[in-house]
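The values are calculated or read from the model by the stated rules, or taken from the named source; none is laboratory data. None of these values were measured; they are calculated from a predicted model. Cβ: placed from backbone, ideal geometry, glycine included. Neighbour counts: every protein chain shown.
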Amino acid sequence: MVTEVHEDRSDSRTAGTGPQTNGGALAVAVIPYEKQLANDSSWTLTEGSGFFEGKSRVQYALRKIAQRLNSLGIPYSILGGLALFQHGHRRFTEGVDLLVTKDGLKQIHAELDGLGYIPPFADSKHLRDTETGVKIEFLTTGDFPGDGKPKPVSFPDPQLASIEVDGVRYLNLEKLIELKLASGMTNPGRLKDLADVIELIKNLKLPREYAESLDPYVRQRFGELWEDARKDAGES
């Protein structure tokens with residue numbers, strides 16, 4: 001299978017805001033979305049602006065994969081930057097992160113691989129939207145955030161930890177914060193996850209008592225970040 005191939009049209013930037021097909025079949029190959037961002041700073045600014053208006057390729061890819069999974073009856077939940085965006089911390093992200101069960105992931109590959117989606121490399125569990133170039137990354141129920149080692153917080157069953165907004169299922173706020181905290185606490189390379197929690201605390205004005213709704217494993221760290229958020233906001 002061809003894993004990463006370059007589009008041969010003269011201006012690849014015309015793809016991604018909607019279907020770009022020719023007689024029902026894709027007319028071009030795939031340039032990874034992140035490479036398109038890196039190659040054209042002017043277009044990146046336009047795409048970034050579109051993201052904050054909900055009109056970027058990433059959001060288009062999100063709506064498309066959600067519709068496919070809904071039609072197939074495969075449980076899923078959006079997490080990562082797009083879940084943050086939905087919950088009130090608006091920062092740019094260049095991919096779609098999906099929580100699925102292990103059985104769901106097998107079904108996704110059986111149903112979608114080669115039908116609008118291709119793996120970014122051989123044997124990858126992730127997929128790339130062939131229309132937009134956006135990468136779809138999968139995390140699976142039962143695995144552990146951060147360093148990947150066993151801990152009290154793990155990726156939940158998406159059916160038990162989701163909210164639905166406009167036909168798309170997102171990880172609920174409590175589980176999103178738990179996973180962010182557990183990730184940042186155990187992996188020094190994921191400190192941005194702790195920064196994301198601080199921004200959620202500030203933007204949503206979460207009280208310190210919110211920690212009581214979280215797993216005990218992360219409550220103390222939430223309290224520490226709550227104090228940091230107050231300092232950032234200039235509160236005594």
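Can you name the residue in segment 215-234 that is touching a residue at least 40 places away in the same chain (Cβ under 8 Å) and farther than 14 Å from GLY184 by Cα and is also surrounded by the most Cβ atoms within 10 Å (Cβ to Cβ) among such residues?
ASP215
Which ones in segment 194-214 are among the charged types (D, E, K, R) and either in a helix (DSSP H, G or I) or buried (at least 18 other Cβ atoms within 10 Å of the Cβ) (or both)?
ASP196, GLU199, LYS202, ARG208, GLU209, GLU212
Out of curiosity, is PHE92 surrounded by fewer than 20 Cβ atoms within 10 Å (Cβ to Cβ) and closer than 21 Å to ARG190 by Cα?
yes
When residues of segment 70-79 are filtered for being surrounded by fewer than 21 Cβ atoms within 10 Å (Cβ to Cβ) and either under 11 Å from the mean Cα position of the chain (by Cα) or not hydroxyl-bearing (Ser, Thr, Tyr) (or both), how many remain? First the steps, then the outcome.
Our first condition is that a residue be surrounded by fewer than 21 Cβ atoms within 10 Å (Cβ to Cβ); within segment 70-79, this holds for 70-75.
Then keep just the ones that are either under 11 Å from the mean Cα position of the chain (by Cα) or not hydroxyl-bearing (Ser, Thr, Tyr) (or both); that gives 70, 72-75.
Here the count works out to 5.
Hey, does segment 151-167 have a residue that's over 22 Å from ARG63 (Cβ atoms), modelled with pLDDT of 95 or more, outside any loop (DSSP other than H, G, I, E, B) and basic (Lys, Arg)?
no
Within segment 93-103, can one find any residue that is out of contact with any Gly (no Cβ under 9 Å at 6 or more places or on another chain), at pLDDT 95 or above and not aliphatic (A, V, I, L, M)?
Yes.
State the number of residues belonging to segment 126-153 that are surrounded by 16 or more Cβ atoms within 10 Å (Cβ to Cβ) and within 18 Å of ASP97 (Cβ to Cβ).
In the first step, residues of segment 126-153 are kept if they are surrounded by 16 or more Cβ atoms within 10 Å (Cβ to Cβ); the result is 126-141, 144-146, 151, 153.
Still in the running and within 18 Å of ASP97 (Cβ to Cβ): 126-129, 132-141, 144-146, 153.
Counting residues in segment 126-153 that are surrounded by 16 or more Cβ atoms within 10 Å (Cβ to Cβ) and within 18 Å of ASP97 (Cβ to Cβ) gives 18.
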